[in-house]
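The values are calculated or read from the model by the stated rules, or taken from the named source; none is laboratory data. Owing to the predicted nature of the structure, the values given are computational and were not obtained by experimental measurement. Quick reminder, even Gly has a Cβ in these numbers, built from the backbone with ideal geometry, and neighbours come from all protein chains shown.
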Amino acid sequence: MAIDVTCPGCHTRFQVSEKFAGKSGPCPKCKKTIKVPDLKDKVVIHAPEVSGPTDSKGKAVLQPIFREEVRLQTPQIVAIAGSVVGVMAIALVMRLQFPGGHVPLLVPILGGILLGPPLAFAGYTFLRDDELAPFRGQEVLVRTVACGLVYALIWGIYWLVFAYFNNWKPLSHPPDWQLMAAVLPVMVGLGALTAQSALEFELGMGALHYSMYLAATVILRLLMNVDPRWTI
């Protein structure tokens, strides 16, 4: 068995046979006389003892569980990027098709519903806590779809509240910005609670997750020349 030796003069590391243990000799590089450590001074690192059930040969029966990291693959990234470009193109077509921002009410409603689940999934893939095991397969599909649909429902509640207080008549003008400053935190709070329940986010991360959806829908409304404070 070889013995590891480090020269104190030039710090060269090399190995010698165990028959030279405890003896002195010149360093092969700087020729300084050094002493080879005794075998009793050699540090041996032992493997940790096996805990848990073992077979007849003492080997562990249960294997450790290694967590598989879930990251977006290149095809998924390309699909998401392509979808973003496609949706923005549709918004621009709506702007040209309906000048003056007179887009049919059904368009932003369907847009908010259809965008919810994919945006919830995309946001989950890079906002989730890496210390927690990720949701996979059908479970992540159900959770992100539910989360996205509730995000769209928050927009619906927002619209219903203003419509109710206006006796279900079209508003002559969108809500003022002071009122929006009071309404926006409520919407973000509801979105954060939704993300916490569906995707097990902390409230701060859940608020960021919902804000991504909110920002995307607002940007699309602006591209369609629709006032983001109102749907008609």
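Please work out if Leu184 is in contact with a Cys (Cβ under 8 Å, 6 or more places away or on another chain) and surrounded by 13 or more Cβ atoms within 10 Å (Cβ to Cβ). Break it down into steps so the answer makes sense when it comes.
Values: in contact with a Cys (Cβ under 8 Å, 6 or more places away or on another chain): no; surrounded by 13 or more Cβ atoms within 10 Å (Cβ to Cβ): yes.
Taking the combined requirement at face value, the residue does not satisfy it.
If we keep just the residues of region 75-113 that are free of Cβ contacts under 8 Å to residues at least 12 places away in the same chain and closer than 15 Å to Ile219 by Cα, which is nearest to the chain's Cα centre (by Cα)?
Once the filter is applied, the top-ranked residue is Val84.
Does region 132-140 contain at least one residue that is within 19 Å of Pro108 (Cα to Cα) and among the aliphatic types (A, V, I, L, M)?
Kept after step one, since they are within 19 Å of Pro108 (Cα to Cα), are these residues of region 132-140: none.
Among the residues of region 132-140, not one is within 19 Å of Pro108 (Cα to Cα) and among the aliphatic types (A, V, I, L, M), which makes the answer no.
Given the conditions (1) under 26 Å from Ala207 (Cα atoms); (2) touching a Gly at 6+ places or on another chain (Cβ under 9 Å); (3) hydrophobic (A, V, I, L, M, F, W, C); (4) surrounded by fewer than 19 Cβ atoms within 10 Å (Cβ to Cβ), and given that Val140 satisfies all but one, which numbered condition is not satisfied?
(2)
Hey, could you check region 194-226 for residues that are more than 15 Å from the chain's Cα centre (by Cα) and surrounded by fewer than 16 Cβ atoms within 10 Å (Cβ to Cβ) and say which is farthest from Ile154 (Cα to Cα)? Quick ask: steps written out before the conclusion?
To start, the set of residues in region 194-226 that are more than 15 Å from the chain's Cα centre (by Cα) comprises 194, 197, 214-226.
This time we only want the ones that are surrounded by fewer than 16 Cβ atoms within 10 Å (Cβ to Cβ), so: 197, 215, 218-219, 222.
On the way: Ser197: 15, Ala215: 14, Val218: 14, Ile219: 17, Leu222: 19 Å.
Per the stated criteria, the residue is Leu222.
Can you find a residue in region 222-232 that is free of Cβ contacts under 8 Å to residues at least 24 places away in the same chain and of a type in the set (Ser, Thr, Tyr)?
Initially, region 222-232 is screened for residues free of Cβ contacts under 8 Å to residues at least 24 places away in the same chain, giving 222, 228.
Among the residues that remain, those that are also of a type in the set (Ser, Thr, Tyr) are: none.
Looking through region 222-232, none of the residues is free of Cβ contacts under 8 Å to residues at least 24 places away in the same chain and of a type in the set (Ser, Thr, Tyr).
Scanning for something β-branched (Val, Ile, Thr) and at pLDDT below 90, does region 143-155 turn up at least one residue? Step through it out loud before you land on a result.
Within region 143-155, the first condition is being β-branched (Val, Ile, Thr), and the residues that meet it are 144-145, 150, 154.
Those left that are additionally at pLDDT below 90: none.
For region 143-155, residues β-branched (Val, Ile, Thr) and at pLDDT below 90: absent.
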